[in-house]
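The values are calculated or read from the model by the stated rules, or taken from the named source; none is laboratory data. Here the structure is a predicted model, which is why all the values come from computation and not from measurement. Every residue, glycine as well, gets a Cβ built from its backbone with ideal geometry; the counts of neighbours run over all protein chains shown. Please note that ligands, DNA and RNA were not included when accessible areas were found on the heavy atoms of the full protein model with its side chains. Shrake-Rupley method; radii C 1.70, N 1.55, O 1.52, S 1.80 Å.
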Amino acid sequence: EKGGFEHFMLKEIYEQPKTIRDTLSCRMTADGKQVRFDELNWTPEDVRSIGKVLIIACGTAYHAGLLAKYFIEKLARIPVEVDIASEYRYRDPLTDSKTLSIIISQSGETIDTLAALKEAKRRGARSLAVTNVVGSSVSREADQVVYTWAGPEIAVASTKAYTTQLAALLLLAIYMGQLNGVLTTTAVTKLLQDLKKVPDQCEDIFSQVNTVKALAKAFTDHEDAFFIGRSMDYGLAMEGALKLKEISYIHAEAYAGGELKHGTLALIVPGIPVIALATQGDVEEKMISNIKEVKARDAYVIGIAKASDREVGKTVDVVLHVPDSDNFVVPILAVIPLQLLAYYAAVLKGNDVDKPRNLAKSVTVE
Ligand code: F6R
């Protein structure tokens, strides 16, 4: 059932070309020029009436929500708030009938997420679930559902569910921007062209697996690691740090590049591994300054950059390249090396990768 792979996690990482393709293909028109969501069937007015989007989730699904904020705000120009389900439910939130709540949950059974959805509904919000399990509690409770077609995810550490969430949420943002007139047809077509390439481009990352495996050793000699990034890469940094923590038990922290000098630089000691995500062209120069700040303290920096990039490679110790793609699309690719780094670090430490200590696949107690 592991299909020849040593662990479910590795199998699920390698399933991503298929699961991303499945999530995308049913949501594009045959000519590939427009997004369609038959399960939503929204009108321009449905989108124009949204005053605010509220995204609620836990863990990895929350990290997908952090990126969705960039997708929706930039592509549809609608304000987005992202909240952790267990925080949202107890903070007497400002949610009303002009709020569209988007609930992200792989299992659709996480108790805090389900309770937060009920709370948003109680306050009058419209609700849309992005979930992977057909007929799950969250899918039944929400007004509308967008399924991620990741198939069963067995490993506790979420991988293919996350990338299909990113794909579905990016499509949703494009759909909203298409309906409310913020995005031109040309812009939509270009985004979709890049999205369609992702499944094949994953193979390009898999071809670098031996390099990634060798780099995983950088983690096992240290107690701590840092993940830094700006803009969408900051959200990815959080996901990369979580993956490493949950299966390798190495302490990892994610930092927004610009925040380092507000305290964290004190912890950058010689040799400490720093994963620097630098895929976002518009903030690259700033990110390179942040890389120089940690290099000046002799950190061991692994950079992640687009294939055509010539600058990041000059400042880091080693660079992993991900295929060129639109800024909004590239996170789907850039997270894969982070998943593989965490996986191989955990394997090197001899940990039970698929069932990390103290964690359950689906958290149905508070
Ligand atoms: C991390 C992980 C968890 C889940 C979280 C939410 O790899 O798997 O952080 O993402 O427990 O689970 P769902 O998405 O099922 O609500």
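Below are the figures for this structure:
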| item | result |
| --- | --- |
| Any hit, region 5-14, residues being away from the ligand (no atom under 16 Å from the Cβ), closer than 24 Å to residue 233 by Cβ and not in a strand (DSSP E or B) | yes |
| Residue match in region 72-84 (condition: of a type outside the set (Val, Ile, Thr), in contact with a helix residue (DSSP H, G or I) (Cβ under 8 Å, 6 or more places away or on another chain), part of a helix (DSSP H, G or I) and surrounded by 22 or more Cβ atoms within 10 Å (Cβ to Cβ)) | yes |
| Strands (runs of 3 or more DSSP E) fully within region 227-338 counting 1 or more residues that are surrounded by fewer than 24 Cβ atoms within 10 Å (Cβ to Cβ) | 251-256, 300-306, 318-322 |
| Residue 169 within 14 Å of the ligand (Cβ to nearest atom) and in a helix (DSSP H, G or I) | yes |
| Qualifying positions in region 91-114 - within 12 Å of the ligand (Cβ to nearest atom) and either open to solvent by 10 Å² or more (accessible area, probe 1.4 Å) or in contact with a Leu (Cβ under 7 Å, 6 or more places away or on another chain) (or both) | 103, 106, 107, 109, 110, 111, 112, 114 |
| Condition met for residue 161 (on the phi < 0 side of the Ramachandran plot, among the small types (Gly, Ala, Ser), outside any helix (DSSP H, G or I) and within 11 Å of the ligand (Cβ to nearest atom)) | no |
| Any hit, region 262-278, residues being on the phi > 0 side of the Ramachandran plot and of a type outside the set (Ser, Thr, Tyr) | yes |
| Matching residues in region 16-65 - criterion: being of a type in the set (Gly, Ala, Ser), open to solvent by 20 Å² or more (accessible area, probe 1.4 Å) and either modelled with pLDDT of 95 or more or under 21 Å from the mean Cα position of the chain (by Cα) (or both) | 25, 49, 51, 59 |
| Flag for residue 141 being within 11 Å of the ligand (Cβ to nearest atom), open to solvent by 30 Å² or more (accessible area, probe 1.4 Å) and modelled with pLDDT of 95 or more | no |
| From the options 190, 160, residue that is of a type in the set (Lys, Arg) and under 30 Å from residue 351 (Cβ atoms) | 160 |
| Test: residue in region 148-162 that is touching a residue at least 24 places away in the same chain (Cβ under 8 Å), among the small types (Gly, Ala, Ser) and within 11 Å of residue 102 (Cβ to Cβ) | no |
| Every pair of residues 6+ apart whose Cβ atoms lie under 6 Å, when the first sits in region 352-366 and is in a loop (DSSP other than H, G, I, E, B) while the second is more than 10 Å from the ligand (Cβ to nearest atom) and small (Gly, Ala, Ser) | 353/346 |
| Residue in region 122-138 that is farthest from the ligand (Cβ to nearest atom), counting only those that are of a type outside the set (A, V, I, L, M) and open to solvent by less than 10 Å² (accessible area, probe 1.4 Å) | 127 |
